[in-house]
Amino acid sequence: MNSSFKKAQNIFLWAKKEIPNNCELEIYLSQGRSRSVIWSEEKLEELSQAEGGGVGIRVIFLSKKEPEFLSGQQGYAYTTADSKESIEKTTQRALEIAKSLPPDRFRRLPDITEGTSREEPSLDTTIFSCNISNLKDRLKHGEAYLLKQVPFLKSILRAGFSEGLSDVAIINSNGIERAFSGTYSGLGVSCLAEKEGERQEGGFGQTKIFQKDLDWDFIFKRAAERTLALLGGRPIPSGKIPVIFDPSVAAEFLSLISSAVLADSIQKGKSFFLNKMGENVASKMVKLVDDGTLTHGLATAPYDDEGFPTQRTVVVEDGTLKHFLYDTYTALKDGTRSTGNASRAGFKSSPSSGTSNFYLEPGPSLREAALKETKGLYLYDVMGLHMADPISGDFSVGAIGAWLENGEFKYGVRGITLAGNLIHLLKNIDRVCEDLTFFGSTGSPTFRVQEMVISGA
């Protein structure tokens, strides 16, 4: 158990005295600390450290009459103070909110009998061990190396390192008592390149559970490579061409796709996967997985954000839609079992269905081979993907990339529009490479879409 658990036990006892017998109670306590160092254009720009947390209190009224089990009036309130007086007031506020809301018989808390206990994943014990002076030196060295070795690189606009530790404790009146912790370390680099009066900005970054897995040299070099590839950018002729997705932009598309497999989206009719369970929605090469137990995954935890055990769920297999992602509420609505996918933005919000580590499984193709056999667009980035239609899956985005021939990037590409449909995109994937890379908790290898519509020159 982490350091937050004993505090959560006391808070639960204080709150329990405030609620009536016909009411379920949940305490969600989160605490964390972090620090960051930002280096910009040969000088230290920012040094920050933070520590804080809070308590979320959820109550759900039970029905007073059988056979109806729950009236399901739910209230949620939070506080950043953990004194007895503050907890009592926050509990009363949650009760008042619950009384003002309509009943929903599917609202309930998970039970201790639902699922088995799990071991807490390993944490980075080296977190916060590197002194600030050393971190500044590493950022400074990375900048100096790129500026000396890489032609046309004018400056490092920003190089930032951050790390953090979080503790979570969840206790409810159905017997759940959970506590788990997580660590992260991240590095992001943005660059400015200039050639013949043309300037382009680009960058790259990654976040890992363990600081030792953060490859500083790779991140600095990849940031420079992505920036230089944009120089000489110009539109390409309109038409239908093959498009290779860099893992970073692929992860952006997968993040959008992941929202469509949440049970909450399906039940609200806000998903392009509605009424498609068991149907072919992707290429046979596509296997989409959500895995809360993934080794070294950024979103890996023994339990979800309402204390239910996490699991590995295959969402799409051999191109067929197999499963949606559930929390307790959405599972009860569909008469099924939670997949351990309750998620919160923090102690200020009640849980809803969300992803954990969501990714496209790597395939057999080598990235270098896929590049050599493709004449088309290598896609680095898109603008406007958040405007995609969640119901139809249609999208139209500005695109930035490079023209690819014979395994070489010939020139940068910009000033074009990439349009299509997300299911059509999934169905037309004809190469999935081996280089699975995570960006946050969403991961993808390089993959190729056989044909996409480009509007350009």
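Every number here is computed from the coordinates shown, using simple stated rules; none is lab data. This is a predicted model, so every value here is computed, not measured. Counting neighbours? That spans all protein chains shown, and the Cβs are built from the backbone with ideal geometry, glycine included.
Each residue of region 383-396 was assigned a 3J(HN,Hα) from its phi angle through the Karplus expression (A = 6.51, B = -1.76, C = 1.60, θ = phi - 60°), giving 10, x, 5, 5, 8, 4, 6, x, 8, 8, x, 6, 8, 8 Hz with x at Gly and Pro.
Of all lysines in the structure, the ones whose alpha carbon falls short of 30 Å from that of Lys348, not counting any fewer than 8 places away in one chain, are Lys6, Lys7, Lys16, Lys17, Lys64, Lys84, Lys89, Lys99, Lys208, Lys268, Lys270, Lys333. Across region 295-300, rounded Karplus estimates of 3J(HN,Hα) from the backbone phi angles (6.51 cos²θ - 1.76 cosθ + 1.60, θ = phi - 60°) give 4, 6, x, 5, 9, 6 Hz, Gly and Pro being marked x.
In the chain, the longest principal axis of the Cα atoms and the axis of helix 247-260 are about 30 degrees apart. Remark on Ile416: its backbone amide H falls under 5 Å from those of Ala399, a criterion applied only to residues 5 or more positions apart or on other chains, H modelled at 1.01 Å from N. Using only Cα atoms, tell me the angle between helix 132-149 and the longest principal axis of the chain; keep it within 0 to 90° and round to the nearest 10. With both axes taken from Cα atoms, the answer is about 30 degrees. Each Lys or Arg adds one and each Asp or Glu subtracts one; over the other residues with Cβ under 14 Å from the Cβ of Arg222, this totals -3. Taking square-rooted eigenvalues a ≥ b ≥ c of the alpha carbon gyration tensor, is the chain rounded, prolate or oblate, where a/c under 1.5 means rounded and, failing that, a/b exceeding b/c means prolate? Because a/c hits 1.5 or more and a/b fails to exceed b/c, the chain counts as oblate.
If I fit a long axis through the Cα atoms of helix 216-228 and take the longest principal axis of the Cα atoms of the chain, what angle between them do I get, 0 to 90°, rounded to 10? On a 0 to 90 degree scale, this one is about 60.
Near the amide H of Ile176, within less than 5 Å, lie the amide hydrogens of Ile112, all on another chain or at least 5 residues away, with H placed in the peptide plane.
Take the Cα of Glu41, go 7 Å toward its beta carbon, and the backbone nitrogen atoms of region 189-228 under 14 Å from that spot belong to 191-193.
Reducing region 279-330 and region 212-273 to their Cα centroids gives an inter-centroid distance of 20 Å.
Taking a ≥ b ≥ c as the square roots of the eigenvalues of the Cα gyration tensor, an a/c ratio of 1.5 or more together with a/b no larger than b/c marks region 116-253 as oblate. Rounded to whole numbers, the Karplus 3J(HN,Hα) couplings from phi for region 235-241 are x, 10, x, 5, x, 10, 9 Hz, using 6.51 cos²θ - 1.76 cosθ + 1.60 with θ = phi - 60°, and x at Gly and Pro.
How many percent of the alpha carbon pairs in region 239-455 exceed a separation of 33 Å? Here the long-distance tail beyond 33 Å is 16 percent of all Cα pairs in region 239-455. Provide the FRET efficiency to the nearest 0.05 for the Leu436-Glu196 pair, computing r from the beta carbons and using R0 = 45 Å. For Leu436 and Glu196, the calculated efficiency is 0.75. Mean separation of Cα pairs under 8 Å and 6 or more residues apart, divided by the residue count, gives the chain a relative contact order of 16 percent.
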